[in-house]
Amino acid sequence: MEPATQSMTLAKRFYLPRCVGLGLGFLALFANLATLPYGQLVLVLLIVYCFAWPHIAYLLARMNARPVDMERRSMLVDAFSAGFFAGAMGFNPIPSTAIVAMVAMNNMAMGGPRFMASGLFASGLGAALAYLALGVPFHSALTAYQIAACVPLLALYSLSLGHVCFITALKLTRQKKQSRQVSRTDHLTGLANRAALKDILDESFRTPAASLENSVIALIDVDEFKHINDTYGHSAGDRTLQKISAIMRGCVRDQDTVVRYGGDEFCLILRHVSLSDAVASLERMRLLVQQAGEDLGFEPGPTLSIGAAAYNANANTSARWIHLADEARYEAKKRGRNKVVFAV
């Protein structure tokens, strides 16, 4: 991600929660500060902090070359301010706990326990400044109006933070799923790769009677592929593999699996299929690749040597099943290539 885009993304991520949190915090703080006997300066500071600071922090994060560092500094400003306003209202337990806890939750989400501890230290500094500058005595009395003003902060902000955490968890799950999918996909052909095949076979052999009954595995070599690579170049080899992959996908059903096994090797798993239908599918695949090789203009063109094995009592492990198909593939090559041979 480009630095400018990263700055905007991070700034937007914290902008709305800060606006919501400080807007709700203003209600709780104003209801308590307005009753205390000192000048209007603290109220002016509160208005500036709650309604101007979110926009200032947003701009600072966007303009900074390292938006993460700038946002961490802004969150420490939030922590300091929470402590200051808690001290300014005489450390009234309910609103003080609400605003300090709100900031502590943000800091925990941002940087874990160590950063939360830094935020609590900043809150302590802010509280000490308020106490020394204003000398407000401890004030614990609360009217029904003041309690009501704290309710939105206590309830709505917790819900909004929970929603943000939920959305973040969904994104992480999606990214993890996408990363796993990428790690199981061959980048050239878009087919499943060998690692994916291992997982598929491991899962299938946990309940082989249900998942592998009337199934066929086939190992496939692309004949003359090395000649194509050496004579026409690797880009021609890549186009050949992509063309063959598309033909294979077109010859199987949704419940079947097509895998790039490695290099010029492929693997198929045909599920719940009769032996005659499996032979027909593999023969059709072989003929289509032979025809495509002629259309590509390569001389000689690619063909397929296919070895297949039906699942049976002899194929009691995935390694054994693959071995049977590999032996049949070797026999197909031995017979002159461009053939389909089934293990007996």
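The values are calculated or read from the model by the stated rules, or taken from the named source; none is laboratory data. Since this is a predicted model, take the numbers as computed values, not measurements. FYI the Cβ positions are ideal-geometry reconstructions off the backbone, even for glycines, and counts take in every protein chain you see.
Kindly indicate whether any position in segment 223-236 is assigned by TED's automatic domain parsing to the domain that holds I269, under 23 Å from W321 (Cβ atoms) and of a type in the set (D, E). Checked against the condition, which is being assigned by TED's automatic domain parsing to the domain that holds I269, under 23 Å from W321 (Cβ atoms) and of a type in the set (D, E), segment 223-236 yields no hits at all. You will find that of L188, L125, L120, the residue that is closer than 30 Å to G262 by Cβ, outside the structural domain of G336 (by TED's automatic domain parsing) and touching a helix residue (DSSP H, G or I) at 6+ places or on another chain (Cβ under 8 Å) is L188 and no other.
Residues are listed down the side, and each one gets a yes or a no for (1) more than 16 Å from Y49 (Cβ to Cβ); (2) of a type in the set (S, T, Y):
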position: N64; (1), (2): yes, no
position: R72; (1), (2): yes, no
position: A82; (1), (2): no, no
position: M89; (1), (2): no, no
position: A101; (1), (2): yes, no
position: G124; (1), (2): yes, no
position: T143; (1), (2): yes, yes
position: A148; (1), (2): yes, no
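Search segment 52-69 for residues being of a type in the set (G, A, S) and out of contact with any Pro (no Cβ under 8 Å at 6 or more places or on another chain), and hand back the single one that is farthest from G23 (Cα to Cα). Top of the filtered list is A57. Identify all residues within segment 103-118 that are surrounded by 23 or more Cβ atoms within 10 Å (Cβ to Cβ) and over 26 Å from the mean Cα position of the chain (by Cα); write none if there are none. The one that is surrounded by 23 or more Cβ atoms within 10 Å (Cβ to Cβ) and over 26 Å from the mean Cα position of the chain (by Cα): V103. Of all the listed residues (D256, D277), the sole one being in the same structural domain as N214 (by TED's automatic domain parsing) and free of Cβ contacts under 8 Å to residues at least 12 places away in the same chain is D277.
If the condition is being part of a loop (DSSP other than H, G, I, E, B) and either at pLDDT below 80 or farther than 18 Å from A319 by Cα (or both), then segment 170-207 contributes R184, D186, H187, L188, T189, G190, L191, T207.
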